[in-house]
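Chemist: My questions will all concern the structure given below.
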């Protein structure tokens, strides 16, 4: 069990507090944010301290961190804060839901893995990754550092997801494909071949029908 400080006081931090409190051995002791965003003293009945003062009040020799920042700027903000926390000597905990299907393959620090993820054998997940609920991570797949995998993504076997990539809801990556670094794979995209670094795949939105719903037969 570790005493943990969560970075943030937004929705993802609140979700992290819920999961770690109800489904882990860790004790949440405080929240922290950058000083410029410090506008409350307490969050979920726990103290909120400025990140600039964290090392003094919650030293890295006694406390660990969890940094559940979103995919903003293609995961760059989370990567920067993770690197900074490590430079201050903090170890970051990872959370793997008890309701995930997981066979003890390697998972790095500061990973947030929600319920109903299926992580097949011989796969690996790097540091600082978030896997929202309900994804399929195929066998022999590597997810590199700082990635964000949204819900109901299908990653087939022997796939590499490049560092700092974002995969949107319901997208699919075929077998034996390598996704480049800092890719943005939009919702419902289907990827059949390797991608270059910094690539964006954005499927078109479903068009509105010219027929109004009150004129549809059978409705």
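The values are calculated or read from the model by the stated rules, or taken from the named source; none is laboratory data. On a predicted model such as this, the values are computed, not experimentally measured, just so you know. Don't worry about glycine lacking a Cβ; one is built from the backbone with ideal geometry, like all the others, and counts go over all protein chains shown.
Chemist: For residues that are touching a helix residue (DSSP H, G or I) at 6+ places or on another chain (Cβ under 9 Å) and either touching a residue at least 24 places away in the same chain (Cβ under 8 Å) or more than 19 Å from residue 78 (Cβ to Cβ) (or both), scanning just segment 9-34, find the one that is surrounded by the fewest Cβ atoms within 10 Å (Cβ to Cβ).
Modeler: Among those that are touching a helix residue (DSSP H, G or I) at 6+ places or on another chain (Cβ under 9 Å) and either touching a residue at least 24 places away in the same chain (Cβ under 8 Å) or more than 19 Å from residue 78 (Cβ to Cβ) (or both), it is 27.
Chemist: Just checking, which of 72, 57, 81 is out of contact with any helix residue (DSSP H, G or I) (no Cβ under 7 Å at 6 or more places or on another chain), outside the structural domain of residue 16 (by TED's automatic domain parsing) and surrounded by 13 or more Cβ atoms within 10 Å (Cβ to Cβ)?
Modeler: After applying the criteria, what remains is 81.
Chemist: Run down 164, 178, 188, 133 and say which single residue is within 22 Å of residue 66 (Cβ to Cβ) and surrounded by fewer than 18 Cβ atoms within 10 Å (Cβ to Cβ).
Modeler: Only one candidate passes the filter, namely 133.
Chemist: Of everything in segment 191-200, what is closer than 20 Å to residue 71 by Cβ and surrounded by fewer than 17 Cβ atoms within 10 Å (Cβ to Cβ)? Give them in sequence order.
Modeler: Residues satisfying the conditions are 196, 197, 198, 200.
Chemist: Further question: Which number in (1) crowded, with 24+ Cβ neighbours inside 10 Å; (2) under 20 Å from residue 20 (Cα atoms) marks the one condition that residue 117 misses?
Modeler: Every listed condition holds for residue 117 apart from (1).
Chemist: Take residue 17 and tell me if it is modelled with pLDDT of 95 or more, under 18 Å from the mean Cα position of the chain (by Cα) and not assigned by TED's automatic domain parsing to the domain that holds residue 183.
Modeler: Working: modelled with pLDDT of 95 or more: yes; under 18 Å from the mean Cα position of the chain (by Cα): yes; not assigned by TED's automatic domain parsing to the domain that holds residue 183: yes.
Yes, satisfied.
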